[in-house]
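The values are calculated or read from the model by the stated rules, or taken from the named source; none is laboratory data. Note that the coordinates shown come from a computational prediction; the quantities given were computed from them, not determined experimentally. Neighbour counts are summed over all protein chains in view; Cβ atoms, including those assigned to glycine, are modelled from backbone coordinates with ideal geometry. Accessible surface is based on the protein model in full, side chains and every heavy atom, while ligands, DNA and RNA are left aside. Shrake-Rupley method; radii C 1.70, N 1.55, O 1.52, S 1.80 Å.
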Amino acid sequence: MYAILDIETTGGKFNEEGITEIAIYKFDGHQIVDQFISLVNPEREIQPFVVNLTGINSGMLVNAPKFHEVAKRIVEITEECVLVAHNANFDNRILTTEFRRLGYKFERKTLCTVELSKKLIPNLDSYKLGRLCRSVGIPVSSRHRADGDAIATVQLFKLLLNKDVDKEIVKQAIKIENSRTLAPKLLSILDELPSQTGLFYIHNNTRKILYIGKGKNIKKTVNQLFLRTSKKAKVLQKNVITVTYEETGNELIAQLKYTEEVKINNPPFNFKDNTKVTSIEFSNENLLVIDKGRTIGEKSVLLIENNEFKGFCYADLSYQINNIEVLRTLISPMENSFYNRNIIKKYLQKNTVEKLIRF
């Protein structure tokens, strides 16, 4: 679970800043499940340059709650969450300082979307939130206001999760406390899984991925795995601590991600596929394969350019699909292997997708 946040402050000397606005979105890796947004009376002056930047002035905060009045809500919504922010060290320091003034020790794991973006979306001109979002086609409303910046960070984080084929982000967030008490827990694990198309990842008590699976219905597929009685299946059932999952929206993306991530993560319980595939050619050298995404309004996009499969992404806006430069930034690269090309070719022969765009 993640608490994705943004904080606006008064400015001023280091460790003497006060909070003027805070926005927190509790995000389970797939959707927002809770939120808290509030102006905050910092009980101190706001620096003029900050007023010009955010538009928040002292008059707006006279009747706003003071930090001690919202502290309990902040603790509750961030409990057992990883804090995610753009420049997370700053936001975490501000919160830690405010809680220290109240005599409370506030400690949370953090993830920084600046650092993650530099790793997963390399070679951009700027990693400031506004410019970064513009590069990947994420709209930002109310820039330099906590709510606008926080919701943009949610969208950015969803993109980063999709690009993280090593699953390092997910592994960091997995809770493994009391893992030895979870032996008869298979039914409770199933309760947390969706009946949607996608991938699932079985982890042991060190967060290692033991097995990657895929299916039209994640819950049903995992249930079938838990019901198997083979020796290998029983060992897997004994060692499972948690199951994470990723919805893909359609089977084509699930098949491609499955192949890619089994190869990268090399789970010990997955069979190695040694299928031999001959040369595969696409009907058009430059092609976008558009199909349904994970949510209403979202589309999945496969990019084939110069007869090479480049990868896939998800897009909410026509602008992202129609602007090839933005689309290239969104794309999660995949190997242009005969195997992947064969998956795409066979899927297009047997299934109808929403749209094919030749360019």
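Observations on the model:
- Zone residues, the range 98-133, relative to residue 64, backbone N less than 17 Å from point 7 Å out along Cα-to-Cβ: 98-99
- Multiplying the residue separation of residue 28 and residue 335 by 0.36 nm and subtracting their alpha-carbon distance yields 107.6 nm.
- Once the gyration tensor of the Cα atoms in the range 1-153 is diagonalised, the equivalent ellipsoid follows with semi-axes of 24, 19, 14 Å, ordered largest first.
- For the chain, calculated [θ]222 nm from helices alone, where every DSSP H run of n ≥ 4 adds -39500 (n - 2.57): -11500 deg cm²/dmol
- Largest-first principal axis extents, alpha carbons of the range 181-280, Å: 50, 26, 25
- Net charge over other residues, Cβ less than 11 angstrom from the Cβ of residue 64 (K, R count +1; D, E count -1): -2
- Solvent-accessible area, 1.4 Å probe, carbon plus sulfur percent, for the range 247-359: 49
- Counted charge near residue 220, where neighbours are those whose Cβ lies closer than 15 Å (Asp, Glu -1; Lys, Arg +1): 0
- A probe of 1.4 angstrom, applied to the heavy atoms of all protein chains, finds residue 37 with accessible area near 70 square angstrom.
- Dipole-positive endmost among 53, 106, 140 within the range 50-188 (Cβ charges, Cα centre): 106
- Solvent-accessible area of residue 9 with every protein chain in place, 1.4 Å probe, in Å² to the nearest 10: 20
- Under 28 Å from the Cα of residue 355 - lysines, other chains or at least 8 residues apart: 158, 163, 214, 216, 257, 292, 299, 310, 345, 346
- Of 233, 213, 259, farthest towards positive along the dipole that unit charges on Lys, Arg, Asp, Glu beta carbons give the range 198-262: 233
- Here is the tail figure for the range 240-359: Cα pairs spaced more than 18 Å apart come to 53 percent of all pairs.
- Counting only heavy atoms of the protein chains and using a 1.4 Å probe, residue 104 has close to 100 Å² of accessible surface.
- Count Lys and Arg as plus one, Asp and Glu as minus one, and take only other residues whose Cβ is under 13 Å from that of residue 145; the net charge is then -4.
- Magnitude of the charge dipole for the chain, about its Cα centre and with charges confined to Cβ atoms of Lys, Arg (+1) and Asp, Glu (-1), is about 1580 debye.
- Figure note: 14, 99 ranked by solvent-accessible area, largest first, 1.4 Å probe, ligands and nucleic acids not counted: 14, 99.
- The value for the range 221-301 of Rg(Cα) / (2.2 N^0.38 Å) is 1.44.
- Think of each Lys and Arg Cβ as +1 and each Asp and Glu Cβ as -1; about the Cα centre, that makes the dipole of the range 68-194 roughly 320 debye.
- On the principal axes of its alpha-carbon atoms, the chain has extents of 69, 54, 30 Å, going from largest to smallest.
- Structure remark: mean-square fluctuation, Gaussian network model of the chain, C-alpha springs under 10 Å; the largest value among 281, 260, 79 belongs to 281.
- Accessible surface, the chain, averaged per residue in Å² (probe 1.4 Å): 50
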